[in-house]
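Below you'll find the structure, written out as structure tokens, and then a few comments.
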Amino acid sequence: MARMKFLCDAERCIECNGCVTACKQEHEVPWGVNRRRVVTINDGVPGERSISVACMHCSDAPCMAVCPVDCFYKTDEGVVLHDKDLCIGCGYCFYACPFGAPQFPQAGAFGLRGKMDKCTFCAGGPEKDHSEDEWKKYGRNRLAEGKLPACAEMCSTKALLGGDGDVVADIYRNRVLKRGRGAEVWGWSSAYGAPKGGSQAPAAAPAKS
Amino acid sequence: MSHSRTALRRLAGCLVGLLLSAACAGVSAQNPPPGQQTFDSVLNPNAAEQAKRQQQQPGNNAPVWREVRSEKEHYTTDRGVEAGVLIQSGGETWRQRRNNQLIPVGGALFLAALAACALFFWWRGPLRVKSPPTGRKMLRFNTFERAVHWTVAITFTILALTGLIMLFGKAVLLPVIGHTLFAWLTNLGKNVHNFVGPVFSVGVLLLFVTFVRDNLPSVKDAVWFAKGGGLFSDVHVPSGRFNGGEKVWFWIGVLVLGVTVSASGLFLNFPNFLQGRESMQWANIIHVVATVVMMSMAVGHIYIGTIGSEGALDGMKTGYVDEAWAREHHEYWYDEIKQKMPNRDTGSTGPVPAGALHAKETNT
């Protein structure tokens, strides 16, 4: 069974926001909710790097650990999903998440935030695959259609890779060997933990992040 | 026509010249001479470092990766709270504190408070009034005082129960009643908690103003503490309108913890002011620590005010206490009232009309 992961290649990302747009369009995400965003460091000056970020579907997900109603679950493919019928909108997952992934439709007085929404790795929710309920609450279930996440599929420079972690890591390793630079894998040690047994990270050197 | 156009062009030329010279003057004032210009002078320090690094060691992005973990806000079109931050590590710290420290330690403290009261009840039973009831009643709490007390007491109980569900329910209640019912209950609890909270906060302030005068510490309290408040022996320990234990509860429980809980709670309750995550994490930790201590103290207060002490609840329920109770529990207060109202020594049996023996008026 594949272990789904996202990888964003900071050497390739051109901050076109195609992934953000693809995501919004694919799932018809409401206004004010952004399941994915692009952050640019040193914007507009030499040394600029852009990174596309969404839920990383962590191995030891902090959102899961702090949720007071235990509405999160992990699929066999390592995708972290949640049940909006159980979500009480307390915001704890937002406090805990390192990547700022959990989104709320409101930030109302008296803690009225509405149901949390986040990237599903295009894997829908607990409802029946392709059902009307699943579409309304979580958007399209592309994984069930045998497709990969829309953001990564749409990425014009293939900076954003999404899919089986081993395949993604292989692609990235080849890339790094070929270009001889940009070995850092952004966010992986935060999301998926330090490599086990002293083995190397997917690319030559583990990132600081 | 052509003349006027030339004039206009000249004017424009003058303006551009002026602007340019002004700009040049500004630049030369800030920057070193052109020959010595470095990246540092035109870029922010990190961008300059990255630009330099790319020339000296192509492909070394260390300065950028440092920025990733800097928790600084970088550029993004997303308008969400702290959307420009790539990785915030405070969340993991908060999670560890909450799940590995606050929940087990807080739970143990609260259970210990319950166990202590149960143990005490088993050992001493309810503290009885030794002399027979006189049948004569004294006004201990007037209507306003009782209203304020019960407002705080009822809202506190609601907040404590819903808060306990949010903090411990996942481990205690969820396995018993299942996800659907538990989520429904917690959702209800969260909304009740968030709307009742501000009422409690107002109540705490009123409670403080109402009872502060009779809770000012006095030397007599030291004697009360030295004798353990008469809780552990049958010694008679006199006290004023409020004894040492009640004063500790008032100053620490009501004032310090009540205000801490209210302030942190209101901070968490209004995310519409778009507070950042770090402040929310701290507010949550402060809220949980203060509430767990407050709930544990409240267990003792509720115990001694109900089943732990015979006749104590009457004062807060009806406003009146029996003179025998007053003499045994709050002798200095009893004496003061008697001094002011000597006529009451012999007389009526039923409740006295409100205000006739008003404690606040007579106890100075």
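The values are calculated or read from the model by the stated rules, or taken from the named source; none is laboratory data. What you are looking at is a predicted structure, and each value in this text was computed from that prediction instead of being measured. With ideal geometry, Cβ positions are generated from the backbone for all residues, glycine too; neighbour counts draw on all protein chains shown.
Condition (residue is polar (S, T, N, Q), more than 10 Å from chain B (Cβ to nearest Cβ) and assigned to a loop (DSSP other than H, G, I, E, B)) applied to segment A:105-123: is it met by at least one residue?
Just the residues of segment A:105-123 that are polar (S, T, N, Q), to begin with: A:106, A:120.
Now restrict to residues that are more than 10 Å from chain B (Cβ to nearest Cβ): A:120.
Right, trim to assigned to a loop (DSSP other than H, G, I, E, B) and you get A:120.
The answer is yes, given that some residue of segment A:105-123 is polar (S, T, N, Q), more than 10 Å from chain B (Cβ to nearest Cβ) and assigned to a loop (DSSP other than H, G, I, E, B).
Name the residue that is nearest to the other protein chains (Cβ to nearest Cβ), counting only residues in segment B:71-80 that are surrounded by 17 or more Cβ atoms within 10 Å (Cβ to Cβ) and under 17 Å from A:A107 (Cβ atoms).
Step by step, filter segment B:71-80, then rank; the result is B:D78.
Could you tell me which of the residues B:G106, B:G135 is more than 7 Å from every other protein chain (Cβ to nearest Cβ), farther than 24 Å from A:E15 by Cβ and surrounded by fewer than 14 Cβ atoms within 10 Å (Cβ to Cβ)?
B:G135
The rows are residues; the columns are (1) at pLDDT 95 or above; (2) surrounded by fewer than 19 Cβ atoms within 10 Å (Cβ to Cβ); (3) within 14 Å of another protein chain (Cβ to nearest Cβ).
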| residue | (1), (2), (3) |
| --- | --- |
| B:V192 | yes, yes, yes |
| B:P198 | yes, yes, yes |
| B:N243 | no, no, no |
| B:L266 | yes, yes, yes |
| B:R277 | yes, no, yes |
| B:M280 | yes, no, yes |
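So which of A:D9, A:D83, A:D60 is among the acidic types (D, E) and under 24 Å from B:W282 (Cα atoms)?
On the way: A:D9 fails: under 24 Å from B:W282 (Cα atoms); A:D83 fails: under 24 Å from B:W282 (Cα atoms).
Only one candidate passes the filter, namely A:D60.
What strands (runs of 3 or more DSSP E) lie completely within segment A:39-85 and have 2 or more residues being hydrophobic (A, V, I, L, M, F, W, C) and either over 17 Å from the mean Cα position of the chain (by Cα) or crowded, with 24+ Cβ neighbours inside 10 Å (or both)?
Here the list reads A:49-54.
Of everything in segment A:127-167, what is on the phi > 0 side of the Ramachandran plot and in contact (Cβ under 8 Å) with a residue 40 or more places away in the chain? Give them in sequence order.
A:G139, A:K158, A:G163
Which one is farthest from the other protein chains (Cβ to nearest Cβ) among residues in segment A:47-75 that are among the charged types (D, E, K, R) and more than 24 Å from A:K136 (Cβ to Cβ)?
Top of the filtered list is A:D60.
Considering each residue of segment A:1-24, count those that are farther than 20 Å from A:M116 by Cβ and either free of Cβ contacts under 8 Å to residues at least 40 places away in the same chain or basic (K, R) (or both), and give that number.
So the count comes out to 5.
Could you pull out every one of the helices (runs of 4 or more DSSP H) wholly within segment B:171-287 that has 1 or more residues that are more than 30 Å from B:E310 (Cβ to Cβ)?
Answer list for segment B:171-287: B:174-177, B:179-211, B:258-269.
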